[in-house]
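Colleague: For reference, the structure I am asking about is given below.
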Ligand code: IPD
Ligand code: CA
């Protein structure tokens, strides 16, 4: 069970082959059911997840995936996957979406991959070793005070933050945004809607941490990933401590 990078890339490429012809089509966005969190399953989600299940079932590992939920096979390995993160973008023809894969032995992260289908970038996180984009080491950048660029998902809470930073970019695929934090294209990624699931963020959390990011929950404590496809959480991921403090101060403001 050592070749997780090959397994992950194999799945990503197979999904790419099957789903890219559907990019931006009405067919991609057709509702085919509801997932375990109660959100709609789009046609493209189903196509991509069936490929994952076909790959992982023979390996007999536990699976936590967005549409099917939790499959416990009693293995010591658990794969937490979002076959397509950003499926609204995909169906709408917005080229920001990715494959997101993380694998754990018991609760210990072993390997993570995010694959951006359109930009064709492969991000990897190898715990204790580092984070990579297309085989090259990546690190978070050092932010410049007052010039930060954040991805910020809110329903209004903490909105004062948008006056404290220079740029806000909400791209609609949190896995991709965490990879951008890791490579130094964003200074922070926050979703404080109590909305993201482990499947959306597991790989991104591993990759961002390996690149030097601080990844916290909505209270500023170290974020712990639940191995449960239905558990929603807040996330605050940043490249420097002062930025976490600034964000928490804004969130506490009435
Ligand atoms: C969504 C994206 C989005 C985040 C949502 C997710 P999906 O993933 O990651 O950025 O705000 O919480 O559900 O549903 O398109 O795979
Ligand atoms: Ca998805």
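Colleague: If the requirement is being surrounded by 15 or more Cβ atoms within 10 Å (Cβ to Cβ) and closer than 19 Å to residue 183 by Cα, which of these qualifies: 122, 144?
Modeller: Details: 144 fails: surrounded by 15 or more Cβ atoms within 10 Å (Cβ to Cβ).
None of the others qualify; the one that does is 122.
Colleague: Test residue 74 against the criterion of being in contact with a strand residue (DSSP E or B) (Cβ under 9 Å, 6 or more places away or on another chain), on the phi > 0 side of the Ramachandran plot and modelled with pLDDT of 95 or more, and give yes or no.
Modeller: Values: in contact with a strand residue (DSSP E or B) (Cβ under 9 Å, 6 or more places away or on another chain): yes; on the phi > 0 side of the Ramachandran plot: yes; modelled with pLDDT of 95 or more: yes.
Considered against the rule, which asks whether it is in contact with a strand residue (DSSP E or B) (Cβ under 9 Å, 6 or more places away or on another chain), on the phi > 0 side of the Ramachandran plot and modelled with pLDDT of 95 or more, residue 74 comes out as yes.
Colleague: With the condition being away from ligand 2 (no atom under 16 Å from the Cβ) and touching a helix residue (DSSP H, G or I) at 6+ places or on another chain (Cβ under 7 Å), I'd like the strands (runs of 3 or more DSSP E) fully within region 30-120 carrying at least 2 qualifying residues. Break it down stepwise before answering.
Modeller: Numbers: elements: 31-34, 40-42, 62-65, 69-71, 77-85, 98-105, 108-116.
So the answer is 108-116.
Colleague: In region 169-179, is there at least one residue being in the same structural domain as residue 246 (by TED's automatic domain parsing), under 12 Å from the mean Cα position of the chain (by Cα), in contact (Cβ under 8 Å) with a residue 40 or more places away in the chain and over 23 Å from residue 35 (Cα atoms)?
Modeller: Checking region 169-179: at least one residue is in the same structural domain as residue 246 (by TED's automatic domain parsing), under 12 Å from the mean Cα position of the chain (by Cα), in contact (Cβ under 8 Å) with a residue 40 or more places away in the chain and over 23 Å from residue 35 (Cα atoms).
Colleague: Let me ask something else. Listed residues 14, 3; which is touching a helix residue (DSSP H, G or I) at 6+ places or on another chain (Cβ under 6 Å), more than 16 Å from ligand 1 (Cβ to nearest atom) and more than 15 Å from residue 92 (Cβ to Cβ)?
Modeller: Details: 3 fails: touching a helix residue (DSSP H, G or I) at 6+ places or on another chain (Cβ under 6 Å).
Of the residues listed, the single one that is touching a helix residue (DSSP H, G or I) at 6+ places or on another chain (Cβ under 6 Å), more than 16 Å from ligand 1 (Cβ to nearest atom) and more than 15 Å from residue 92 (Cβ to Cβ) is 14.
The values are calculated or read from the model by the stated rules, or taken from the named source; none is laboratory data. Here the structure is a predicted model, which means the values were calculated and not measured. Virtual Cβ from ideal backbone geometry, glycine too; neighbours counted across all protein chains shown.
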